[in-house]
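In what follows, a single structure is set out as structure tokens and then discussed.
FYI, it's all coordinate maths here, none of it is from the lab. Since we're looking at a predicted model, the values are computed, not measured. Here the Cβ positions follow ideal geometry from the backbone for every residue, glycine too, while neighbour counts run over all protein chains shown.
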Amino acid sequence: MSQVQQLRKELEKIDTSYGLMSLTWRAEPIPKEQAFAAMEKVISFAIENNRKAFFNIGEFYGPNWSNLKLVNDFFIANPTLRKNVIISCKGGVNNETLVPKGKAAQVKQSVEACCKEVGGFIDIYEVARLDLAITPEGKEYPYETFEELAKLVDDGVIGGISLSEVNEKQIRAIHKDWSKFLTCVEVELSLFSTNILHDGVAKTCGELDLVIICYSPLGRGLLTGQIKSVDDIPDGDFRKLLKRFHGDAMQQNLLLVKFLKDEIVAKRDPEHPIELTQIALAWIKHWNKSDQFNGAKFIPNPSGSSVDKVTENFNEKRTQLSEAEFEKINDFLSKFKTEGDRYEMV
């Protein structure tokens, strides 16, 4: 079995992955001791369930590779735990402007820098955005980006390749040329952002047997119930720039949160309680039981900056919906419109 095939097999066992962006990409990074405790808790849950943990990290998740350095420091302090974790790292952009850098030399430089800062081998690497500026006319993606990544896999520098923020045509084109190197696709999915269920992305991943890593599954915190107005967002947080969290848009979006509280949380059997966060994650996982996207594996990728938050997010027994609850939520969503696109600014 090739390394890529082994990664795919391990990904299929995972129910919930762990996004580390919020630990460092914020005005005040989470204290290292608190972050380490949360990271160790994620790994302990994975070990208990006889699977690997999945750490989703980023070259630009904070200044000076701070996200990768945090992970490096964690494994220096806990060297025996590294074998229990799949590290998926996002890069390939200018770390300050976030403009894609997809030329072969730039990609190689990014991968080598990431490996250096994280302390060694990276299981999965992905360019955060395709560099369309170097994509030939009439083509769907920059060939040289993936030619270089494939070489890095063959050379043992990285284990496999993930795609990030791609559409149906791009997935199909890249898969056609580089399928033996691909492990998964990372795109946004939440109750507020259901685009991939309708634009062919999830369907394509199903047809091609690609795992879907679903980032921002909690609607950037809006689905936790802890954000009731833009004033609840810390200064310096980019969410303050998003239309979704302001004025009438915010009030419209909170109708979904109210529905979940009134129709799911409040109507649960007291012996089987569920929190808003768990509903949001359970809804994503429930698509794995649907015939609509056969072949796809949906894995929500929440963060969790404390042991308590991680414990809530990774409680797999409580993060479950009945078929009736799933249908009730989808019926509501069919009539509900999110105000403010994913990155629409005020």
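Sort the following peptides by mean Cβ neighbour count (other Cβ atoms within 10 Å, averaged over residues), highest first: 41-50, 205-214.
Highest to lowest by the protection proxy: 205-214, 41-50.
Would the range 285-346 count as rounded, prolate or oblate if I go by the C-alpha gyration tensor, calling it rounded below 1.5 in a/c and otherwise prolate when a/b exceeds b/c, oblate otherwise?
oblate
Can you tell me, using C-alpha contacts under 8 Å and at least 6 residues apart, the relative contact order of the range 27-140 as a whole percent?
25
For the range 168-267, run through the chymotrypsin sites (Phe, Trp or Tyr not before Pro) and keep only the ones in DSSP coil with at most 12 other Cβ atoms within 10 Å of their Cβ.
Nothing satisfies the criteria.
With a/c under 1.5 counting as rounded, go ahead and sort the range 116-193 into rounded, prolate or oblate using the C-alpha gyration tensor (a ≥ b ≥ c being the square roots of the eigenvalues; past the cut-off, prolate if a/b is larger than b/c, else oblate).
Taking the square roots of the gyration eigenvalues as a ≥ b ≥ c, the range 116-193 is oblate.
I'd like the distance between the alpha-carbon centres of the range 59-130 and the range 1-45, rounded to an integer number of Å.
Value for the Cα centre distance between the two parts: 13 Å.
Please state the shape class of the range 190-280: rounded when a/c is under 1.5, otherwise prolate if a/b exceeds b/c and oblate if not, all from the C-alpha gyration tensor.
oblate
Please list, in chain and number order, the residues 5+ apart from S164 or on another chain whose amide H is under 5 Å from its amide H, with Hs placed from the backbone.
E186
Just in the range 248-317: which GluC sites (Glu not before Pro) are loop by DSSP and have at most 11 other Cβ atoms within 10 Å?
Passing both the DSSP loop test and the Cβ count: E271.
Given Cα pairs under 8 Å that are at least 6 residues apart, what percent is the relative contact order of the chain?
Once normalised by length, the contact order is 19 percent.
Hey, which lysines would be in cross-link range of K261, C-alpha to C-alpha under 21 Å, not counting anything within fewer than 8 residues on its own chain?
Within the straight-line limit of under 21 Å, K261 reaches these lysines: K228, K285, K309, K317, K328, K335, K337.
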